[in-house]
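The structure appears below as structure tokens.
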Amino acid sequence: MSAKTIAATLFGAEDLRVVETELGPLAPGMVRVKFGAGGICGSDMHYFRHARTGDFVVKSPLILGHEVAGEVVELGSATSGLAVGDRVAVNPSRWCGTCAYCHEGRPNLCENIFFMGSASKTPHMQGGFAALFDATAAQCVKVPAELPFQAAALAEPLAVCLHAVRRAGHVKGASTIIFGSGPIGLLTLLALKHAGARSVAMVDIAAAPLKFARELGADQTIDISGGADELAAYAAATPYDMAFEISGTAAGLASAIRTVRRGGRVIQVGNLAGGMIELPANAIMAKELDLVGTFRFGEEFFEAVELIVDNRIDVLRLVTGEYRLEDAPAAFRTALDRSRSVKVMLTA
Ligand SMILES: [Zn+2]
Ligand SMILES: [Zn+2]
């Protein structure tokens, strides 16, 4: 059946409107999901402010949202394992399962991937900040009825962090430092603690997120708004084993390279502004560093759902605000204010 819905749609920079839209009949293999909750991500905020994030540019109206959970309301033909009324965490990645990268076990690198609410491809794949949206059955991971939708929606950003920690290699016993204390930085902190890191230091240019990081268990927080002298002193005394660049800034990546020990590892999680940047690249050679990239996630999505369902990682501790889907523009403005927001959620 066709259905009318409303969706938080980006028409251009700073032009986010909740508009009515029409969903066609469900295609085979697809399920229709009623929105339960959605997290506003840093990339959503980049789209909101600049109509782009990194190298992905919005060319036509884009429904935002890739951290979503909801309830199955209709099943298309050729779907199995789900029933109407099931609550699901929705994996925003739809990978092909047949290309060389999928076969290699790296589906986040899939040549034919579609990702909800992303302008990485044209036409863009629409996102999940909509009262009703469609996903493949494979994208929908059933969760217990008592799990809050908000917790299920945060499986996506947690999966990003689990993947980053996997790409970091031997984190057990490691001293680590994270540049950028936003939601991804904070979830990486929780993921590193869960994986047995010896210590996690967090860096930011704002006081409020660092205070939040301490409450979440960061061993050390370093405010570099006034300069990086304190950070340089720490790093000179006891260089970190690995550094996670999550701020999405060239300065963060340069600091990450400077603060890890010889033979250390730098993991680039943040999405830098597009184009060329300057780096102290010789240090990669002279300290024999491993510089690794990490992009979205693969099977870690399912692991993230399990960790949340079993309450081994309490993602709800990050939530600082809640708005109805209809009030998405106001929610985005609140989310942009880092002095009072960590994770802002949209709810049905
Ligand atoms: Zn995200
Ligand atoms: Zn593939």
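The values are calculated or read from the model by the stated rules, or taken from the named source; none is laboratory data. In this text, all values refer to a predicted model and were calculated from it rather than measured experimentally. Methodologically, a virtual Cβ is constructed for each residue, glycine included, from the backbone with ideal geometry; neighbour enumeration extends over all protein chains shown. Accessible surface areas use protein heavy atoms only, side chains included; no ligands, DNA or RNA. Shrake-Rupley method; radii C 1.70, N 1.55, O 1.52, S 1.80 Å.
Just to confirm my filter: which helices (runs of 4 or more DSSP H) fall fully inside region 250-348 and include at least 3 residues that are aliphatic (A, V, I, L, M) and closer than 28 Å to G217 by Cα?
Values: elements: 250-259, 282-286, 300-309, 328-336.
Once the helices (runs of 4 or more DSSP H) in region 250-348 are filtered for at least 3 residues that are aliphatic (A, V, I, L, M) and closer than 28 Å to G217 by Cα, what remains is 250-259, 300-309, 328-336.
Please go through region 92-120 and give me each residue that is of a type in the set (D, E, K, R), away from ligand 1 (no atom under 16 Å from the Cβ) and either within 16 Å of the chain's Cα centre (by Cα) or within 26 Å of R32 (Cα to Cα) (or both), ordered by number. It would help to see each step written out before you state the result.
Filtering region 92-120 down to residues of a type in the set (D, E, K, R) leaves 94, 104, 106, 111.
Cutting the leftovers down to away from ligand 1 (no atom under 16 Å from the Cβ) gives us 104, 106, 111.
The answer is E111, and nothing else.
Would you pick out the residues in region 118-132 that are over 20 Å from G97 (Cα atoms) and open to solvent by 10 Å² or more (accessible area, probe 1.4 Å)?
Across region 118-132, the qualifying residues are T122, P123, H124, Q126, A131, L132.
Can you tell me which residues in region 165-208 are assigned to a helix (DSSP H, G or I) and open to solvent by 10 Å² or more (accessible area, probe 1.4 Å)?
Here is the first cut: in region 165-208, the residues assigned to a helix (DSSP H, G or I) are 165-168, 183-194, 207-208.
Passing the criteria: V165, R166, R167, P183, I184, L190, K193, H194, A207, A208.
Search region 314-341 for residues being more than 23 Å from C161 (Cα to Cα) and among the basic types (K, R), and hand back the single one that is farthest from the chain's Cα centre (by Cα).
Filtering region 314-341 for residues that are more than 23 Å from C161 (Cα to Cα) and among the basic types (K, R), the one farthest from the chain's Cα centre (by Cα) comes out as R324.
Results for (1) closer than 24 Å to G321 by Cα; (2) at pLDDT below 95; (3) assigned by TED's automatic domain parsing to the domain that holds G117, shown as yes or no for each residue.
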site: A145; (1), (2), (3): yes, no, yes
site: A168; (1), (2), (3): no, no, no
site: F179; (1), (2), (3): yes, no, no
site: A197; (1), (2), (3): no, no, no
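Of the residues R17, R32, R49, which single one is closer than 30 Å to E322 by Cβ, more than 16 Å from ligand 2 (Cβ to nearest atom) and assigned to a helix (DSSP H, G or I)?
Details: R17 fails: assigned to a helix (DSSP H, G or I); R32 fails: assigned to a helix (DSSP H, G or I).
Answer to the selection: R49.
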